[in-house]
């Protein structure tokens, strides 16, 4: 069961059975490191950053309570608005395209493909390397003024441009990089496709359903839980992407803030300017945005995700 | 296509079967979800004639080969470019090498304040510390959640699931303050200690899934023989969950090796730089004048990942399938 399905099930039916708690001591002993981590490294810091969100704090002087000032500052911070826009564009363009490509390739690979393991490996490799600095470095060259893309374009007589140095196209290069790493969701789709019983297709063929129709009446409905899982996780992940924007823009989010991811702006505020109160407020806004999108996603899932059981 | 369904259903069947893998592998594929993800294709019962099928398959292969080339080309080109003089990189989009130039590797290795081996070593410390920490702490937590019955288990489990999705940004600032008060900034401790406290909950989840698949009779038999939880965990569960431990090892390696964000925050002096920081500093210091050296060190930096890809792929794909499938 996936994380997503597990959470859904939890919400659905609270278990009626009464617990005897027979392993109380052993249970809490085995969970001791985790419990320490939960309180010390997760819950306490979360509370602390909630507090810091209402302060002015730069590490040197003690935090100074400023009430909602960080919030009013966020409302009027144009760079913040821009970074939200950049991030939303990246997430809501990149993730759907990436998922569509990964599903399409998985579908093509699934049925009776001889060299499946080979292709799967080749498509998976980029998603393994995609979040590394090395690939971001490569991207910066490939889409640079005299980079690989322009060299190829030159061969066919088209004059290229500096893709990463132009505010109009820099973000697109990062979206392309995101789509390039479609291998991970593809592997999950492949595993999901493998679970659809053949008899459904056999029955549909006997009934005279075309392949096209089978795709929409069998494959897609039965795959919706997997699509949902991939969608939730990829959205959450994409909101937090950092490395590529940091390296491709040299840490600035440029040109003209066109690749200023939310996380990059947060990093700049918190760890370049040490404006930790404001950065904490930003971090909480990020949590709220991601939670809201995830909740909406779960709510919408009632209308399109099929669960047999 | 629909016509042939009625005229020759048997013909279609045999055509489909010849295009697939042996029966033996199929039984493996149906044995478990995770296995299904790693084995080959399953038979499809398409009502298409053999020849039509053959042509379609050929077209499909051509499309796939082209797609593979597009996907892999940037990587091949980076590898080839790392073996070329700097000026050639900017005018040669091809991947045919006429000469081999290893000077980029020598230049790149020594381009920063320390030889590149220094950064590789730092990364290795962080990575292996993280792996060890994750293996111990996550397997303990997973055993408790999967096998033991204790107070507050349900809310704790729910919290654990939620932390998987929690963005690190909301805890990183107080963590930074905490670790800097402890004097840990610019040491590897902030990168490893949280993992000793099982903060990578994804792996707990992965291991729980795995332990749930181990027959409970084994624990119970041991318990009747007088074994306590620690013995059951160490002597029965741990040896049986080696595949899950392998998956955890590989994922931790990959994520820690690639992680720029937290290393950027906690490691501030070049002496402590890891590979992602070194590469990032490289591109800052030489600007874009030394692509050859940069590519060479980039290749060096993804080499360990590539080795994992070659030898550990099975565990990667299995891990993703088990956590990704309902």
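Assorted remarks:
- Selection count where residues are surrounded by 13 or more Cβ atoms within 10 Å (Cβ to Cβ) and either at the interface with chain A (Cβ under 10 Å from one of its Cβ atoms) or out of contact with any helix residue (DSSP H, G or I) (no Cβ under 7 Å at 6 or more places or on another chain) (or both), scope segment B:95-104: 2
- Answer from A:256, A:238, A:245 - the residue that is more than 11 Å from chain B (Cβ to nearest Cβ), closer than 18 Å to residue A:163 by Cα and in contact (Cβ under 8 Å) with a residue 40 or more places away in the chain: A:256
- Only one of A:158, A:218, A:149 that is assigned to a helix (DSSP H, G or I), without any contact (Cβ under 8 Å) to a residue 24 or more places away in the chain and surrounded by fewer than 18 Cβ atoms within 10 Å (Cβ to Cβ): A:218
- Single condition residue B:92 does not satisfy, out of (1) buried (at least 17 other Cβ atoms within 10 Å of the Cβ); (2) more than 29 Å from the chain's Cα centre (by Cα); (3) at the interface with chain A (Cβ under 7 Å from one of its Cβ atoms); (4) free of Cβ contacts under 8 Å to residues at least 12 places away in the same chain: (3)
- Selection status of residue B:276, part of a helix (DSSP H, G or I), farther than 22 Å from residue A:242 by Cα and either at pLDDT 95 or above or assigned by TED's automatic domain parsing to the domain that holds residue B:189 (or both): no
- Here B:283, B:317, B:299 are screened, and the one residue that is under 30 Å from residue B:210 (Cα atoms) and either at pLDDT 85 or above or part of a helix (DSSP H, G or I) (or both) is B:317.
- Note on segment B:282-298: residues that are within 10 Å of another protein chain (Cβ to nearest Cβ) and on the phi < 0 side of the Ramachandran plot amount to 9.
- Residue within segment B:187-207 that is surrounded by fewer than 18 Cβ atoms within 10 Å (Cβ to Cβ) and under 28 Å from residue A:128 (Cα atoms) present: yes
- In this structure, residue B:301 does satisfy being at the interface with another protein chain (Cβ under 9 Å from one of its Cβ atoms), crowded, with 21+ Cβ neighbours inside 10 Å, touching a helix residue (DSSP H, G or I) at 6+ places or on another chain (Cβ under 6 Å) and closer than 17 Å to residue B:128 by Cβ.
- Matching residues, segment A:72-100, being surrounded by 14 or more Cβ atoms within 10 Å (Cβ to Cβ) and more than 30 Å from residue A:228 (Cβ to Cβ): A:73, A:74, A:77, A:80, A:82
- Among the residues of segment B:244-257, just one is within 10 Å of chain A (Cβ to nearest Cβ) and at pLDDT 95 or above, namely B:257.
- When segment B:139-165 is filtered for residues that are closer than 29 Å to residue B:185 by Cβ and either crowded, with 19+ Cβ neighbours inside 10 Å or at the interface with another protein chain (Cβ under 7 Å from one of its Cβ atoms) (or both), the ones remaining, listed by number, are B:140, B:141, B:159, B:160, B:163, B:164, B:165.
- Checking residue B:268 against (1) surrounded by fewer than 22 Cβ atoms within 10 Å (Cβ to Cβ); (2) within 11 Å of chain A (Cβ to nearest Cβ); (3) in a helix (DSSP H, G or I), the condition it does not meet: (3)
- Residues of segment A:64-83 that turn out to be farther than 21 Å from residue A:258 by Cβ, assigned to a helix (DSSP H, G or I) and touching a helix residue (DSSP H, G or I) at 6+ places or on another chain (Cβ under 8 Å), as a count: 3
- Residues (part of a helix (DSSP H, G or I) and at the interface with another protein chain (Cβ under 8 Å from one of its Cβ atoms)) located in segment A:175-202: A:180, A:184, A:187, A:188, A:190, A:191, A:192, A:194, A:198, A:201, A:202
- Top-ranked residue in segment A:101-134 [being in a loop (DSSP other than H, G, I, E, B) and free of Cβ contacts under 8 Å to residues at least 40 places away in the same chain; ranked as surrounded by the most Cβ atoms within 10 Å (Cβ to Cβ)]: A:112
- Against the conditions (1) modelled with pLDDT under 95; (2) in contact with a helix residue (DSSP H, G or I) (Cβ under 6 Å, 6 or more places away or on another chain); (3) more than 12 Å from chain A (Cβ to nearest Cβ), residue B:126 satisfies every one except (1).
The values are calculated or read from the model by the stated rules, or taken from the named source; none is laboratory data. From a predicted model like this one, the values you see are computed outputs, not experimental measurements. Using ideal geometry, Cβ is built from the backbone for each residue, glycine included, and neighbour counts are taken over all protein chains shown.
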